[in-house]
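Working notes for the structure below.
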Amino acid sequence: MLIKLYDNNPDMRAVRRVVNVLRDGGIIIYPTDTIYAIGCDIFHARAVEKICQIKGVQPAKANLSFICQDLSHISEYARISNTVFKLMKRNTPGPFTFILNGSSNLPKTFKQKNTVGIRVPDNSIVRAIVEELGNPLMTASLKDYEGWALALDEMDNEQPQRQQRQQSKENAAWKRRHVNDWQMDDQEPVASDFRDDDDTPIEYSTDPELIDERYGRLVDFVIDGGMGGAEPSTVVDCTADEPVIVRQGVGQLVL
């Protein structure tokens with residue numbers, strides 16, 4: 001279902017509808033300050049597992065990030081020094097993914113992870129959702145993963161025969177166009193892996209109407225916040241003594 005929200009003044013009734021779905025284990029596609037993303041409540045294990053299935057990775061090995069409303073609760077999920085906190089404060093909200101050492105308070109699904117990516121995007125829609133939800137969203141950039149095609153095939157098998165044949169043709173063409181985008185990740189994620197989390201998006205990941213047309217059947221809500229960006233976030237590894245930019249994106253880091 002496509003739902004329209006405005007970055008300058010999100011409708012809180014619509015935001016609460018989205019949050020109710022998230023609390024029930026729903027999955028949404030939503031705008032950020034870079035490109036569109038797919039996400040769920042970090043404390044809903046089945047929803048997290050579903051997104052990992054779409055990405056083609058195991059939850060314990062997935063290089064997924066959290067979207068937070070602000071920096072006030074970062075210490076609940078990551079170990080952060082005063083120096084790194086000040087760096088993040090200077091650069092958020094903004095188009096950055098900060099890789100931090102994970103804390104012992106990470107949700108159960110992420111307990112085996114050593115690091116976590118933290119986003120505080122400059123987008124009022126997603127931050128209003130996180131504020132209403134009361135905890136971060138798990139987030140992954142919207143692109144063509146293997147799991148999308150598999151889910152589409154499953155749904156096509158339930159359609160009438162004539163519709164199935166037509167949709168199968170469309171899906172086959174889609175797979176041929178994007179087969180090189182499918183990636184499996186069987187390695188323990190390290191900071192450099194986060195560079196692939198926000199690959200340059202295709203058309204479907206910038207136009208919310210096209211996103212809904214393609215993926216709307218597979219998620220609970222597609223939030224139309226206007227056209228998405230075409231550049232990824234800047235990824236900053238803060239797990240060592242000095243911050244290191246492992247991918248230069250749209251954000252210009254202020255040291």
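The values are calculated or read from the model by the stated rules, or taken from the named source; none is laboratory data. Note that the structure is predicted; figures quoted are calculated from it, not measured. As a convention, Cβ positions derive from the backbone with ideal geometry for all residues, glycine included, and neighbour counts pool all protein chains shown.
Scanning the range 240-255 for residues being surrounded by 17 or more Cβ atoms within 10 Å (Cβ to Cβ) and assigned to a strand (DSSP E or B) gives a total of 2.
Within the range 65-89, the only residue that satisfies the criterion of being touching an Asp or Glu at 6+ places or on another chain (Cβ under 8 Å) and over 14 Å from VAL236 (Cα atoms) is GLN69.
Given the condition at pLDDT below 50, over 23 Å from ILE80 (Cα atoms), within 18 Å of the chain's Cα centre (by Cα) and not in a strand (DSSP E or B), answer yes or no: does some residue in the range 222-239 qualify? Scanning the range 222-239 turns up no residue that is at pLDDT below 50, over 23 Å from ILE80 (Cα atoms), within 18 Å of the chain's Cα centre (by Cα) and not in a strand (DSSP E or B). Pairs linking a residue in the range 55-73 that is within 16 Å of PRO95 (Cα to Cα) to a residue that is among the hydroxyl-bearing types (Ser, Thr, Tyr) and surrounded by fewer than 24 Cβ atoms within 10 Å (Cβ to Cβ), with Cβ atoms under 7 Å and 6 or more positions apart or on different chains, are PHE66/TYR77; LEU71/THR92.
Has the range 139-159 got any residue that is over 20 Å from LYS55 (Cα atoms), under 20 Å from the mean Cα position of the chain (by Cα) and either in a strand (DSSP E or B) or at pLDDT 90 or above (or both)? So far as the range 139-159 goes, no, none of its residues is over 20 Å from LYS55 (Cα atoms), under 20 Å from the mean Cα position of the chain (by Cα) and either in a strand (DSSP E or B) or at pLDDT 90 or above (or both).
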